[in-house]
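Readers should treat all values here as calculations from the given coordinates under stated rules, not as data from a laboratory. None of these values were measured; they are calculated from a predicted model. Please note: Cβ atoms are built from the backbone with ideal geometry, for glycine as well, and neighbour counts cover all protein chains shown.
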Amino acid sequence: MKIIVANWKMNGTVDYINDYFDKFLSNVKIVDSEVIFAVPYVFLEHIKKIVKNQNIKIFAQNCSHEENGAFTGEISASMLSSMGIDGSIVGHCERRKYGENYEIINKKIKILTKHNLRSIICIGEDDKEHKEEILEEQLEKCLYGIENYKNMILAYEPVWSIGKNHNLDLEEIDNSIAIIRGIVEKLKFEELKILYGGSVNKNNVREISAKLNINGVLVGRDSLDPMNFSQIVNFLE
Ligand code: 13P
């Protein structure tokens, strides 16, 4: 069973969403996989109403590490849970860029778990030369003090590979996935599912799934096109 995640980032309007799901749902055939749409908060409820497929889950792209209180503009795990949302991405590098660190990400994972929500935890280096130590530090910090990880998914997204139009260096990525599997095993999280994200598209998904030892993919830009994303899902299915 593969996990295929669409991260829409800061994109979409109500009209776009209606048209998107008309096309996506009539083209996609999901039997065994799980498809997750991580969408902007304001569209969560609308999308939940139009998507009735049991194999499609709706996630937020972030959530607060605080329970509730004077945190203007933030959204809490209990709010997401009360709306029937399934989980959230945490620690995306586009948020780490603005100061979110792995101590905070660890709190986010714990608060999501407390409210029975799932988390997709993003890790990934910006500096290839220090890859191993960076990945080890990120994993140790974000998994600190966590015992039950059944609601958690790890996403390896090397910062240098996101939002690019290049041929993926699959040798390098394969090596990173092996390093990550070694670290999670050492930390006793050996069953943790691992996704790859960074410039995945309908043209390279075949090569990616053939080469990498992964449980699925996290797609940015190509998930915004319903035809391309349905092709990715149908291929991995
Ligand atoms: P792209 O697929 O656009 O490179 O984005 C990847 C990503 O950041 C998914 O979270």
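Computed from point charges on the beta carbon alone (+1 for Lys and Arg, -1 for Asp and Glu), the dipole magnitude for the chain about its Cα centre is near 760 Debye.
Ordering Val14, Phe24, Val42 by Cα displacement along the dipole of the range 1-74 toward the positive end leaves Phe24 in first place; charges were set at the Cβ atoms of Lys, Arg (+1) and Asp, Glu (-1).
Full extension of the segment from Lys29 to Thr72, taken as 0.36 nm per residue of separation minus the current Cα-Cα distance, would add 11.4 nm.
Potential lengthening of the chain between Asp15 and Asp169 amounts to 51.8 nm, from the contour at 0.36 nm per residue minus the alpha-carbon distance. Remark: for residue pairs Lys52/Lys188; Lys57/Lys186; Lys2/Lys52, the C-alpha separation exceeds 26 Å in Lys52/Lys188; Lys57/Lys186. Within the listed set Leu218, Leu187, Leu117, the residue fluctuating most in the Gaussian network model of the chain (springs between alpha-carbon atoms under 10 angstrom) is Leu187. Compared with the direct C-alpha span, the chain from Glu147 to Asp126 gains 4.7 nm at full extension, assuming 0.36 nm per residue.
Within the listed set Ser119, Ser199, Ser81, the Gaussian network model of the chain (springs between alpha-carbon atoms below 10 Å) gives the highest mean-square fluctuation for Ser81.
Taking all Cα pairs closer than 8 Å and separated by 6 or more residues, the relative contact order of the range 34-147 comes to 22 percent. Annotation for the range 84-120 versus the range 19-69: alpha-carbon center distance of 17 Å. Here the scattering of the chain is modelled by Debye summation over its C-alpha atoms, one equal scatterer each and no solvent; at q = 0.08, 0.16 Å⁻¹ the log10 of I(q)/I(0) is -0.27, -1.18. What the Cβ-Cβ distance of Glu237 and Asp22 gives, at R0 = 22 Å and to the nearest 0.05, is a FRET efficiency of 0.65. Where does the Debye-calculated log10 I(q)/I(0) of the range 1-104 sit at q = 0.11, 0.25 Å⁻¹, using only Cα point scatterers of equal weight, no solvent? The Debye formula, applied to the Cα set alone, gives -0.37, -1.50. Estimated from helical segments only, the mean residue ellipticity of the chain at 222 nm is -11500 deg cm²/dmol, where each DSSP H run of four or more residues counts as -39500 (n - 2.57).
For the range 101-201, GluC sites (Glu not before Pro) meeting the loop criterion (DSSP other than H, G, I, E, B) and having at most 11 other Cβ atoms within 10 Å: Glu147, Glu190, Glu191. At an R0 of 30 angstrom, the distance between the Cβ atoms of Val42 and Phe189 translates into a FRET efficiency of 0.35. Exposed loop sites here mean trypsin sites (Lys or Arg not before Pro) with a DSSP loop assignment and at most 13 other beta-carbon atoms within 10 Å; the chain contains its longest site-free run at 98-149.
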